[in-house]
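Structure record follows, encoded as structure tokens.
The values are calculated or read from the model by the stated rules, or taken from the named source; none is laboratory data. Computed from a prediction, not measured in an experiment: that's the story for all the values here. No Cβ is skipped: glycine too gets one built from the backbone with ideal geometry, and neighbour counts run over all protein chains shown. SASA here: full protein model, heavy atoms, side chains in, ligands and nucleic acids out. Shrake-Rupley method; radii C 1.70, N 1.55, O 1.52, S 1.80 Å.
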Amino acid sequence: MALVLHAGSGNKNAFKALIAAEYSGVKVELVKNFQMGVSNKTPEFLKMNPIGKIPVLETPDGPVFESNAIARYVTRSKADNPLYGSSLIEYAHIEQWNDFSATEVDANIGKWLYPRLGIAPYVAVSEEAAIAALKRSLGALNTHLASNTYLVGHSVTLADIVMTCNLYMGFARIMTKSFTSEFPHVERYFWTMVNQPNFKKVLGDVKQAESVPPVQKKAPPPKEQKPKEAKKEAPKPKAVEKPEEEEEAPKPKPKNPLDLLPPSKMILDEWKRLYSNTKTNFREVAIKGFWDMYDPEGYSLWFCDYKYNDENTVSFVTMNKVGGFLQRMDLCRKYAFGKMLVIGSEPPFKVKGLWLFRGPEIPKFVMDEVYDMELYEWTKVDISDEAQKERVSAMIEDLEPFEGEALLDAKCFK
């Protein structure tokens, strides 16, 4: 008996099982003439999945629902299937990435996309949080893929199938090129996967979204027409009613706590422009300008030192690690300036940084949202110490040698 998959032909969750079947040589038939909202409401379907969700797989031993469970079943239908790796640790890593794909990638794409399609209520603040969380997840994935062609091992596994199918909805519906270009290794990985023959047989030709879908606005209900009164009565005082526009106006976006701080004499954008536009006499122009602008009451300076420099044995992996960190710091671009240095001519390489933040402390939302922050030791700069002040200047300038060592790379966050 062939396995029968109940789902629509374009369902990305059904694609997981169908692609796994192609790699495994397992016969899975997609049920014909499936209609969402009709086929999944029949008594026969509800016996297989009482809550009526798709996909559902019919097997000789009974139905299976939940897409990852179905993909696992199909994969396990072939003994010693390489899609599940060749060792216990590979199996664990495959399941690790399956969970990451579901909770960090798929969930956040859905939180961004579904409200714009009218499937869930649209709340601007929630959308911003979903996008930030998605960027954080894609940044972590990008860092892993900087030195790995596949998620686990050296060939396609079930982890790649699940991840690609979850990324598929994002790339096809809402993640435009301008969004994904921040994650070049994720881009390379996705387009490599969808062009593999077994993927392409199921997905067809994949095209990237050219624009973010507009928010679907619900039309206001038609006003009830009151019947004409036969006899006019003495006018009664009208209750004060809010105008329709006021009732429908969106709630104001909550302000970032940093926007509520007292005004600072330092204008961050002016410093960033000076830094970018100074091409000669950098020390005399940009560095002097920085200290003239710096406001220790409105801003604070911080040194950071990577805690695990012994791991930095490959130059490009180390530089990609720093690049991923800067991508995830994007949520505080309005309130920060940073320099990150990769130091040394031979491994292990040292990673050190300097950051300027609005306010007297590192912003709490940065500590909460950017997981890399925990990977560094943070020390507040004491500008009354001339040695520390000179170190700040040297890091802004990319002075080489830095503390007696060559600079492998220097990145700026502005």
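Counting Lys +1, Arg +1, Asp -1, Glu -1, what net charge surrounds Pro348 among other residues with beta carbon under 9 Å of its beta carbon? Don't jump to the answer; show the numbers that get you there.
Values: positive: Lys350; negative: Asp310, Glu311, Glu346.
Summing Lys/Arg as +1 and Asp/Glu as -1 gives -2.
Distance between the pseudo-spin-label points of Glu90 and Asp292 (7 Å out from Cα toward the beta carbon): 6.3 nm.
Expressed in nm to one decimal, what extension gain is obtained for the pair Ala387 and Arg188 from 0.36 nm per residue of sequence separation less their Cα-Cα distance?
Details: separation 199, 0.36 × 199 = 71.64 nm, distance 4.43 nm.
Stretched fully, the Ala387-Arg188 segment lengthens by 67.2 nm.
Taking Pro115, Pro262, Pro363 as the candidate residues, the one with maximal mean-square fluctuation in a Gaussian network model of the chain, Cα springs under 10 Å, is Pro262. Just check the stretch 2-134 against the gyration tensor rule for me: Cα atoms, a ≥ b ≥ c as the square roots of the eigenvalues, rounded for a/c under 1.5, and otherwise prolate or oblate depending on whether a/b exceeds b/c. Since a/c reaches 1.5 but b/c is at least a/b, the shape of the stretch 2-134 is classed as oblate. The relative contact order of the stretch 262-413 comes to 30 percent, based on Cα pairs under 8 Å that sit 6 or more residues apart.
Cα centroid separation, the stretch 122-147 to the stretch 252-281: 25 Å.
Charging the Cβ of each Asp and Glu at -1 and of each Lys and Arg at +1, and nothing else, the dipole of the chain about its Cα centre rounds to 2060 debye. DSSP bridge analysis restricted to the stretch 1-83 gives an antiparallel fraction near 70%, rounded to the nearest 5. With R₀ set to 45 Å, the beta-carbon distance separating Ser155 from Lys414 gives a calculated FRET efficiency near 0.65. Stretching the chain fully between Lys265 and Val125 yields a gain of 47.4 nm (0.36 nm per residue, less the alpha carbon separation). Counted by Cβ distance under 10 Å from Asp269, the other residues give a net charge of +3, where Lys and Arg count +1 and Asp and Glu count -1. Rounded to the nearest whole Hz, the Karplus-based 3J(HN,Hα) values (6.51 cos²θ - 1.76 cosθ + 1.60, θ = phi - 60°) of the stretch 198-213 follow the sequence 6, 6, 5, 4, 8, 7, x, 7, 9, 10, 7, 4, 8, 8, 7, x, with x at glycine and proline.
Quick one: grab the alpha carbon gyration tensor of the stretch 141-197, order the square roots of its eigenvalues as a ≥ b ≥ c, and give me rounded if a/c is under 1.5, else prolate or oblate depending on whether a/b is larger than b/c. Working shown, then result.
Values: a/c = 2.06, a/b = 1.33, b/c = 1.55.
Judged from the Cα gyration tensor, the stretch 141-197 comes out oblate (a/c at least 1.5, b/c at or above a/b).
Residues within the reach of a label modelled at Glu400 (point 7 angstrom out along Cα to beta-carbon, backbone nitrogen below 14 Å), restricted to the stretch 334-361, are 341-346. Kirkwood radius, the chain, all distinct C-alpha pairs, inverse of mean reciprocal distance: 25.5 Å.
Structure remark: mean-square fluctuation, Gaussian network model of the chain, C-alpha springs under 10 Å; the largest value among Lys288, Lys78, Lys272 belongs to Lys288. When the surface is traced with a 1.4 Å probe over the full set of protein chains, Lys255 keeps roughly 150 Å² accessible.
For the stretch 85-203, build the convex hull from the C-alpha positions and give me its volume per residue in Å³. It would help to have the intermediate numbers written out before the result.
Details: hull volume 12.1 nm³, N = 119.
Cα-based convex hull of the stretch 85-203, divided per residue, equals 101 Å³.
Which of the residue pairs Lys255/Lys334; Lys12/Lys201; Lys12/Lys78; Lys265/Lys334; Lys177/Lys321; Lys135/Lys307 have a Cα-Cα distance greater than 18 Å in the structure shown?
Numbers: Lys255/Lys334 13 Å; Lys12/Lys201 14 Å; Lys12/Lys78 23 Å; Lys265/Lys334 16 Å; Lys177/Lys321 22 Å; Lys135/Lys307 24 Å.
Pairs exceeding the cut-off: Lys12/Lys78; Lys177/Lys321; Lys135/Lys307.
When Lys and Arg each count +1 and Asp and Glu each count -1, what net charge do the other residues less than 13 Å away from Ser24, Cβ to Cβ, add up to? The answer is +3. Ranking Trp291, Phe357, Ile51 by how far each Cα lies toward the positive end of the dipole of the chain (charges on Cβ) leaves Ile51 at the top.
Helices from the chain with mean Kyte-Doolittle at least -1.0 and a Cα length along the axis of 30 Å or more, per DSSP H: which?
Values: long enough: 124-145 (31 Å, 0.45).
Helices meeting the criterion: 124-145.
Only helical DSSP H runs with n ≥ 4 go in: add -39500 (n - 2.57) per run for the chain, normalise by residue count and round the 222 nm mean residue ellipticity to 500 deg cm²/dmol.
Details: 16 runs with 165 residues, N = 414.
Helix contribution divided over all residues of the chain: -12000 deg cm²/dmol.
Rounded, prolate or oblate for the stretch 3-77? Axes are the square roots of the Cα gyration tensor eigenvalues, ordered a ≥ b ≥ c, and the cut-off for rounded is a/c under 1.5. In terms of gyration-tensor shape, prolate. Each Lys and Arg adds +1 at its Cβ and each Asp and Glu adds -1 at its Cβ; summed about the Cα centre, the stretch 3-77 shows a dipole of about 160 debye.
Ile54 sits with roughly 40 Å² accessible to a 1.4 Å probe, with DNA, RNA and ligands left out of the calculation. GNM on the chain, alpha-carbon springs under 10 angstrom: the most fluctuating residue among Val56, Val314, Val202 is Val314. Compactness check for the stretch 262-384: Cα Rg over 2.2 N^0.38 Å is 1.12.
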